[in-house]
């Protein structure tokens, strides 16, 4: 499968999964990471963390070191997600409904090293952990 075909397949899978998220079975436990572990991995630089919320949600605050990759831009920016299985990748959204769905689609497309953050940015903020407002 060519890279373009692969991207289209992934995006169709992701969009279909997002549309059916309410009906989807829960993701397996090994596909998730706790907020505590996610923060430790992020702060140590041991994982790449993508915040897939949309720009208006990012305006509420993001955690230092997270990469902003709105889910609406995923198809255009898929190459930013490391493909090396040795590089842990975490996906976070507001709660975990979008991130768990994106992780499911990425795993189905071959990214075996991606996990979603259980509790999302809502949980991060509830714990009083630091966030900043991104520029632009």
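The values are calculated or read from the model by the stated rules, or taken from the named source; none is laboratory data. As the structure is a prediction and not an experimental result, all values here were calculated from the model. FYI the Cβ positions are ideal-geometry reconstructions off the backbone, even for glycines, and counts take in every protein chain you see.
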Which of the residues belonging to the stretch 38-64 are within 15 Å of residue 81 (Cα to Cα) and either buried (at least 19 other Cβ atoms within 10 Å of the Cβ) or under 13 Å from the mean Cα position of the chain (by Cα) (or both)?
47, 48, 49, 50, 51, 52
Could you list, in sequence order, all residues of the stretch 70-95 that are within 14 Å of residue 55 (Cα to Cα) and in a loop (DSSP other than H, G, I, E, B)?
70, 93, 94
Selection over the stretch 24-51 where residues are touching a strand residue (DSSP E or B) at 6+ places or on another chain (Cβ under 6 Å) and assigned to a loop (DSSP other than H, G, I, E, B) yields a count of 1
Counting only residues that are under 16 Å from residue 66 (Cα atoms), in a helix (DSSP H, G or I) and either under 9 Å from the mean Cα position of the chain (by Cα) or modelled with pLDDT under 95 (or both), the stretch 96-136 contains a total of 1
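Looking at 22, 27, which is the one that is surrounded by 13 or more Cβ atoms within 10 Å (Cβ to Cβ), within 17 Å of residue 105 (Cβ to Cβ) and at pLDDT below 95?
It is 27.
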